[in-house]
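The values are calculated or read from the model by the stated rules, or taken from the named source; none is laboratory data. What you see is a predicted model; the values in this text were computed from it and never measured. Please note: Cβ atoms are built from the backbone with ideal geometry, for glycine as well, and neighbour counts cover all protein chains shown. Surface accessibility is based on the protein's heavy atoms, side chains included, excluding ligands, DNA and RNA. Shrake-Rupley method; radii C 1.70, N 1.55, O 1.52, S 1.80 Å.
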Amino acid sequence: YFDEIHTIDILDCNGGDHGYPFATNFNPEINLREVSANGSYWENGHWVETEPMEIKREYDFPEVGKKDMYLLHHEEIESLAKNIPGVKRIRFFMTFGQSYLTQFQGQEIVPIQFLKALLPDPASLGPRTVGKTNIGCIFNGVKDGKEKTIYIYNVCDHQECYKEVGSQAISYTTGVPAMIGAAMIVNKIWDKDGVFNIEEFDPDPFMEMLNEYGLPWVVEENPEVVR
């Protein structure tokens with residue numbers, strides 16, 4: 001799609017509703033660290049650190065609608081910054097509902113296992129979660145001498161996932177790509193000596209398997225960008 005990539009915005013939207021005022025979709029400690037840790041993003045060759053949940057944007061997600069999303073630090077932006085030559089900015093945003101944030105933001109919760117005992121078991125959310133996720137990346141760069149912006153994303157329905165595997169879409173969208181990555185290695189489609197990150201391999205067979213195994217993706221030309 002690009003000869004050069006200038007910016008990447010990774011957008012992770014869970015538009016589902018399980019009916020609880022607060023519940024974590026997976027490990028409670030990880031979720032709470034996400035909202036309490038400093039954020040960061042890569043810009044012009046260095047890292048910029050932000051206060052927890054300092055940067056907020058609203059985005060109109062296809063098939064989901066307008067949601068509030070917040071800039072977080074996420075591990076994949078570290079390797080992307082190293083492995084994509086010349087990239088000027090990489091950011092990661094995740095959606096959080098207001099009830100999620102106002103109940104815990106700024107409060108000290110110790111020990112974490114006490115909180116975990118009070119929350120619904122993430123596995124119990126599957127049968128009651130409705131709505132969809134939208135997870136994707138907005139790329140800006142140059143192709144054939146012209147500036148270009150595309151949005152690659154997939155939409156996953158919580159109830160359809162539960163019918164198929166007995167779990168909601170957060171587990172599905174986390175597990176299926178990991179399975180496909182393992183299949184790439186087992187079948188020696190990705191076969192190099194050493195340690196590599198996913199962006200250092202041929203993406204085409206991985207993307208083809210996403211279409212085959214329940215996470216079909218869409219490419220949107222000239223999407224709304226994140227300011």
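One table, with the values for the structure above:
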| quantity | calculated |
| --- | --- |
| Filter result for VAL176 (surrounded by 12 or more Cβ atoms within 10 Å (Cβ to Cβ) and either without any contact (Cβ under 8 Å) to a residue 24 or more places away in the chain or over 30 Å from ARG128 (Cβ atoms) (or both)) | no |
| Single match in VAL155, VAL186 (criterion: in contact with a Phe, Trp or Tyr (Cβ under 9 Å, 6 or more places away or on another chain), at pLDDT 95 or above and of a type in the set (A, V, I, L, M)) | VAL155 |
| Failed criterion for ASN154 (all others in (1) exposed (fewer than 13 other Cβ atoms within 10 Å of the Cβ); (2) under 28 Å from LYS82 (Cβ atoms) hold) | (1) |
| Residue count for the stretch 124-151, restricted to those that are of a type outside the set (Phe, Trp, Tyr), open to solvent by 20 Å² or more (accessible area, probe 1.4 Å) and under 17 Å from the mean Cα position of the chain (by Cα) | 4 |
| Selection within the stretch 30-73 - over 13 Å from MET94 (Cβ atoms) and in contact with a Pro (Cβ under 8 Å, 6 or more places away or on another chain) | SER36, ASN38 |
| Among residues of the stretch 158-183, those that are touching a Pro at 6+ places or on another chain (Cβ under 8 Å) and modelled with pLDDT of 95 or more, counted | 0 |
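Per-residue answers, yes or no, for (1) within 30 Å of ASP68 (Cβ to Cβ); (2) in contact with a Leu (Cβ under 9 Å, 6 or more places away or on another chain); (3) open to solvent by 60 Å² or more (accessible area, probe 1.4 Å):
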{"residue": "GLY181", "(1), (2), (3)": "no, no, no"}
{"residue": "MET184", "(1), (2), (3)": "no, no, no"}
{"residue": "VAL195", "(1), (2), (3)": "no, no, yes"}
{"residue": "GLU200", "(1), (2), (3)": "no, no, yes"}
{"residue": "MET207", "(1), (2), (3)": "yes, no, no"}
{"residue": "GLU212", "(1), (2), (3)": "no, no, yes"}
{"residue": "LEU215", "(1), (2), (3)": "yes, no, no"}
{"residue": "ASN222", "(1), (2), (3)": "yes, no, yes"}
{"residue": "ARG227", "(1), (2), (3)": "yes, no, yes"}
